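Visitor: Structure incoming, see below.
The values are calculated or read from the model by the stated rules, or taken from the named source; none is laboratory data. The shown structure was predicted, so the numbers you read here are calculated from the model rather than taken from an experiment. Cβ sites come from the backbone with ideal geometry, for glycine too, and all protein chains shown count toward neighbours.
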Amino acid sequence: MSKPVPLSRLDAKEFISPANSACQGCAGSMVARIVAKIIGKEMVRQEVACCGPAFGNIQQPVFYGEIFEGAGAMMTGFARAFKRADREDIRVVGIIGDGGTSDIGFQGLSAAAERNEDMLWICYDNEAYMNTGGQRSSATSKYASTTTTPVGELSRGKAEKKKPLPLIVALHDVPYTATASVAFPEDFIGKLAYAKPIRGFRFIQVSAPCPTGWRFDPRYSARIAKDMVESGLWPLYEVYDGTLKISYKPKELKPVKDVLHGQGRFRHLTDDEVDEVQGYVFRQWERLVEKDGAPLL
Amino acid sequence: MAKKFEVMVGNKAVAYAAKLARVKFVSAYPITPQTTIVQYLSDMCATGEMDAEYVTMEGELSCQASAITASTTVRSFTATSGPGLLYMHHPLHMTSWARLPLVMAVVHRSTKGMQPDQMDTMSQRDTGWLMLECQNSQELLDTGIMSFKIAEDPRVMLPTIFMGDGYILSYTSEPVEIPDQELVDEFLGPYRRPYPMFPEEAAESLKLMGAMWSNQHGPQHIWKMQQEAAMNAKIVIKEVNTEFQKKFGRSYGNGLVEEYKCENVDAVLVGMGTIASTAKTAIDRLQKEGKKVGLVAIKSFKPFPDEEFQRIAGYTKAMGVIDRNVSTGTKGGITFTEIRHALYDLDERPVTLNFHAGMRGQEVTVDGLKRMAEKTLKAARGEKVAPIVEWVGGN
């Protein structure tokens, strides 16, 4: 299991350029910075259509594939070719959005996981197609108002729940699956450091709040990410050797109401709807706690 | 050196091409009638006869996408048919603009049903790939090897499809000479990594990617460069064909077109793939009857041999073009319109007729081809013929 790494122990060297064209408060760019710092000089990065090309200004070889659906396949090609070229020291890493992971890229993700390809797939999860203007994805949470699930007389935002992607990936029985959050960098770094030397398919889904799409003040990205973890909306856990382990257990789950109402996309929620979400979060958290330390498979 | 022959189906000949080219990455997915190519390759990898990463992907799109990244570093190969090729359409564009010398075999399968026609590759006409057609299994093996040399030539650097008809070639056995491995090694040489993807090459790599993505060249630059490369390929294909002849004793016309019994003719039939090989029998019989008609087989569809057709126009009064494809909404098949386009700049043009034939595996017989040739000869004599574009059989 991973251990949090104190920030003070990190090398000062950055592999990401300070300049990029991300929106203010972009948590995706925080993900990229941390990944670059930890995997940096041993990395070849795969990029597909997402906000990544805007913020992923990492000074290591990158292959920008215009093939939105192709992350799993393209990383497979790299991993296998590097093996043939006797360069298995190179880490194949993808920093891929939630659409490219759980929607259009899902077939390739599942297939690469099933083949246990040697890659580290980091999904920065901003819960919608943010680079195209905030359209609903399967990673969007219920009731979120997006540009394709607007709130109106006949609509309360997204009608369906968020796809439980990390668990789906873990059920492929891959060497390592984890969730992380930009508000818990020490936990995230620990997980990256743990995943880095493992051979085979590794997957980390990182909660990355998007001020532009979620409609909140850019200065609060980390705070909202933190509140999502504290409230149980985004639990931190990892699955290794088929065993699930919760990484962080808040003493008491923070009520979801303030977390939701702090974001423009949920501001329309009625008390009943907030209660429904709260009930769902409690149930999910209980189930997770039941599985804590137990085999998932 | 003793020559090595084996009776094999077309798909095995294709697998031999990949093996002899010492391909290091194979992405595979089953689809009839291509399937046995990847089966033969999996056998070769399982027995150690071939030393490559063999990956069964979850679909053809992923076959193409994985071969794209693999070919940045090692010689790569994939194969498909009909709907599988259509499913690959999106990444095909990327392979060519990224200028990766990936080689792919396409066993023609119609877009409807499993029998062959050229609708699969014709639907990829403008993806920037070179496309070389084959008439028999030996030609598949030889063209496969030549494809790597053409694609990897620094003047070209474009992905290349070599293709042949499903069933008629894929599952039909005939004797094929297997080239000597050492000679193939000499002929192709080692793969030159086209991309600096290793971490220690970061500066070079970022510069390259930066150039690909910056606007320093203007938005149309990619296609302009591809076009230049494809035009260079006309020279390179001829050179490679000649070099292949010197090394292995076989060649295919001049690499771009094969002119069969075209001396002293009044008319020519023009065809591609197995239709052209059947047409040779028709031409033999007609010439025996004293009819002055020859055959032009299109070997290279992309780049299209405009100059060759302009030259051929100098010795023939009529061309009867057979198209195993249709471009709905345009009068005439695709090679017919390409040829007419090539001839437009000439002061004196031969009469051109078109025959849609062989769609979805519709049989194209020697007698049917004789009748097409007779019609073309009639036009060559200056007689009025109609219609200009005709559907032959199975309508």
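Visitor: Give segment B:97-142 a look and list any residue that's of a type in the set (Gly, Ala, Ser) and touching a strand residue (DSSP E or B) at 6+ places or on another chain (Cβ under 8 Å), or say none. Step through it out loud before you land on a result.
Guide: In the first step, residues of segment B:97-142 are kept if they are of a type in the set (Gly, Ala, Ser); the result is B:98, B:105, B:110, B:113, B:123, B:128, B:137.
Selection gives B:ALA105, B:SER137.
Visitor: Still on this structure, please answer the following. Name every residue in segment A:178-196 that is polar (S, T, N, Q) and either over 22 Å from A:MET75 (Cβ atoms) or at pLDDT below 95 (or both), in order of residue number.
Guide: A:SER181
Visitor: Can you tell me which residues in segment A:92-119 are surrounded by fewer than 23 Cβ atoms within 10 Å (Cβ to Cβ) and either within 14 Å of chain B (Cβ to nearest Cβ) or within 27 Å of B:PHE25 (Cα to Cα) (or both)? Give the steps one after another, and end with the answer.
Guide: Here is the first cut: in segment A:92-119, the residues surrounded by fewer than 23 Cβ atoms within 10 Å (Cβ to Cβ) are A:103-104, A:106-107, A:110-111, A:114-116.
Scanning segment A:92-119 gives A:ILE104, A:PHE106, A:GLN107, A:SER110, A:ALA111, A:GLU114, A:ARG115, A:ASN116.
Visitor: Turning to a different aspect of this structure: Right, A:ALA71: facing another protein chain (nearest Cβ under 9 Å), in contact (Cβ under 8 Å) with a residue 24 or more places away in the chain, under 21 Å from A:VAL206 (Cα atoms) and in contact with a Ser or Thr (Cβ under 8 Å, 6 or more places away or on another chain) or not?
Guide: Against the criterion (facing another protein chain (nearest Cβ under 9 Å), in contact (Cβ under 8 Å) with a residue 24 or more places away in the chain, under 21 Å from A:VAL206 (Cα atoms) and in contact with a Ser or Thr (Cβ under 8 Å, 6 or more places away or on another chain)), A:ALA71 qualifies.
Visitor: Can you confirm whether segment B:231-238 contains a residue that is out of contact with any Lys or Arg (no Cβ under 7 Å at 6 or more places or on another chain), surrounded by fewer than 16 Cβ atoms within 10 Å (Cβ to Cβ) and of a type outside the set (A, V, I, L, M, F, W, C)?
Guide: Scanning segment B:231-238 turns up no residue that is out of contact with any Lys or Arg (no Cβ under 7 Å at 6 or more places or on another chain), surrounded by fewer than 16 Cβ atoms within 10 Å (Cβ to Cβ) and of a type outside the set (A, V, I, L, M, F, W, C).
Visitor: Here is a list: B:SER62, B:SER71, B:SER76, B:SER42. Which entry is more than 21 Å from the chain's Cα centre (by Cα) and surrounded by 24 or more Cβ atoms within 10 Å (Cβ to Cβ)?
Guide: Among B:SER62, B:SER71, B:SER76, B:SER42, only B:SER62 is more than 21 Å from the chain's Cα centre (by Cα) and surrounded by 24 or more Cβ atoms within 10 Å (Cβ to Cβ).
Visitor: Looking at A:VAL62, is it within 14 Å of chain B (Cβ to nearest Cβ) and within 29 Å of A:TRP214 (Cβ to Cβ)?
Guide: So A:VAL62 passes the test.
Visitor: Next up: Looking only at segment B:272-281, decide whether some residue is in contact (Cβ under 8 Å) with a residue 60 or more places away in the chain, under 27 Å from B:GLN226 (Cα atoms) and among the aliphatic types (A, V, I, L, M).
Guide: yes
Visitor: Something else now. Return the residues of segment A:21-52 that are touching a strand residue (DSSP E or B) at 6+ places or on another chain (Cβ under 7 Å) and at the interface with another protein chain (Cβ under 8 Å from one of its Cβ atoms); say none if nothing qualifies.
Guide: A:GLU42, A:MET43, A:VAL44, A:GLN46
Visitor: Return a yes/no flag: does segment A:73-86 have any residue that is closer than 20 Å to A:PRO166 by Cβ, at pLDDT 95 or above and of a type outside the set (S, T, N, Q).
Guide: Step one: filter segment A:73-86 for residues closer than 20 Å to A:PRO166 by Cβ, giving A:75.
With the extra rule that they be at pLDDT 95 or above, the set shrinks to A:75.
Okay, now just the ones that are also of a type outside the set (S, T, N, Q), so A:75.
Yes: one or more hits.
Visitor: Among the residues of segment A:120-137, count how many are assigned to a loop (DSSP other than H, G, I, E, B) and surrounded by fewer than 18 Cβ atoms within 10 Å (Cβ to Cβ).
Guide: Residues in segment A:120-137 being assigned to a loop (DSSP other than H, G, I, E, B) and surrounded by fewer than 18 Cβ atoms within 10 Å (Cβ to Cβ): 1 in total.
Visitor: Can you confirm whether B:GLU49 is within 14 Å of chain A (Cβ to nearest Cβ), outside any strand (DSSP E or B) and surrounded by fewer than 21 Cβ atoms within 10 Å (Cβ to Cβ)?
Guide: In short, no.
Visitor: State all residues of segment B:21-31 that are among the hydroxyl-bearing types (Ser, Thr, Tyr) and facing chain A (nearest Cβ under 9 Å); if no residue qualifies, say none.
Guide: Answer for segment B:21-31, where residues must be among the hydroxyl-bearing types (Ser, Thr, Tyr) and facing chain A (nearest Cβ under 9 Å): just B:SER27.
Visitor: Here is a follow-up. What is the residue count in segment B:85-98 for residues that are within 14 Å of another protein chain (Cβ to nearest Cβ) and in contact with an Asp or Glu (Cβ under 6 Å, 6 or more places away or on another chain)?
Guide: Count: 3.
Here is a yes/no grid of residues against (1) under 23 Å from A:ASN116 (Cα atoms); (2) touching a Phe, Trp or Tyr at 6+ places or on another chain (Cβ under 7 Å); (3) within 11 Å of chain A (Cβ to nearest Cβ); (4) part of a helix (DSSP H, G or I):
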residue: B:PRO33; (1), (2), (3), (4): no, yes, no, no
residue: B:SER42; (1), (2), (3), (4): yes, yes, no, yes
residue: B:LEU61; (1), (2), (3), (4): yes, yes, yes, yes
residue: B:VAL74; (1), (2), (3), (4): yes, yes, yes, no
residue: B:ASP117; (1), (2), (3), (4): no, no, no, no
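Visitor: It is to be established whether one or more residues within segment A:223-231 are more than 15 Å from A:LEU165 (Cα to Cα), surrounded by fewer than 18 Cβ atoms within 10 Å (Cβ to Cβ) and free of Cβ contacts under 8 Å to residues at least 12 places away in the same chain.
Guide: No, there is no match, as no residue in segment A:223-231 is more than 15 Å from A:LEU165 (Cα to Cα), surrounded by fewer than 18 Cβ atoms within 10 Å (Cβ to Cβ) and free of Cβ contacts under 8 Å to residues at least 12 places away in the same chain.
Visitor: Checking the structure you have, find out if any residue of segment A:122-132 is touching a helix residue (DSSP H, G or I) at 6+ places or on another chain (Cβ under 9 Å), more than 9 Å from chain B (Cβ to nearest Cβ), under 22 Å from A:ALA208 (Cα atoms) and among the small types (Gly, Ala, Ser).
Guide: Within segment A:122-132, one or more residues are touching a helix residue (DSSP H, G or I) at 6+ places or on another chain (Cβ under 9 Å), more than 9 Å from chain B (Cβ to nearest Cβ), under 22 Å from A:ALA208 (Cα atoms) and among the small types (Gly, Ala, Ser).
Visitor: Select the strands (runs of 3 or more DSSP E) contained entirely in segment A:197-278, then report the ones holding at least 3 residues which are under 30 Å from A:PHE78 (Cα atoms).
Guide: In segment A:197-278, the matching strands (runs of 3 or more DSSP E) lie at A:201-207, A:237-240.
Visitor: With (1) buried (at least 23 other Cβ atoms within 10 Å of the Cβ); (2) not in a loop (DSSP other than H, G, I, E, B) as the list, and B:VAL23 as the residue in question, which single condition is left unmet?
Guide: For B:VAL23, the failing item is (2).
Visitor: Oh, and also: Kindly provide the set of residues from segment B:78-95 that are of a type in the set (Ser, Thr, Tyr) and under 20 Å from B:ALA18 (Cα atoms), ordered by number. Spell out how you get there, then give the answer.
Guide: Taking segment B:78-95 and keeping what is of a type in the set (Ser, Thr, Tyr), we get B:78, B:80-81, B:87, B:95.
Scanning segment B:78-95 gives B:THR78, B:THR80, B:SER81, B:THR95.
Visitor: Would it be correct to say that A:PHE55 is within 13 Å of another protein chain (Cβ to nearest Cβ) and hydrophobic (A, V, I, L, M, F, W, C)?
Guide: Answer is no for this residue.
Visitor: Name the single residue, out of those in segment B:99-115 being buried (at least 24 other Cβ atoms within 10 Å of the Cβ) and of a type in the set (A, V, I, L, M, F, W, C), that is nearest to the other protein chains (Cβ to nearest Cβ). Reasoning before the result, please.
Guide: Of segment B:99-115, the ones buried (at least 24 other Cβ atoms within 10 Å of the Cβ) are B:101-109.
Restricting the remaining residues to those that are of a type in the set (A, V, I, L, M, F, W, C) gives B:102-107.
Values: B:LEU102: 10, B:VAL103: 15, B:MET104: 14, B:ALA105: 18, B:VAL106: 19, B:VAL107: 21 Å.
Selected residue: B:LEU102.
Let's see how each residue does on (1) within 21 Å of B:VAL106 (Cα to Cα); (2) of a type in the set (Val, Ile, Thr); (3) in the same structural domain as B:ALA67 (by TED's automatic domain parsing):
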{"residue": "B:PHE162", "(1), (2), (3)": "yes, no, yes"}
{"residue": "B:ILE178", "(1), (2), (3)": "yes, yes, yes"}
{"residue": "B:GLY210", "(1), (2), (3)": "no, no, no"}
{"residue": "B:VAL236", "(1), (2), (3)": "no, yes, yes"}
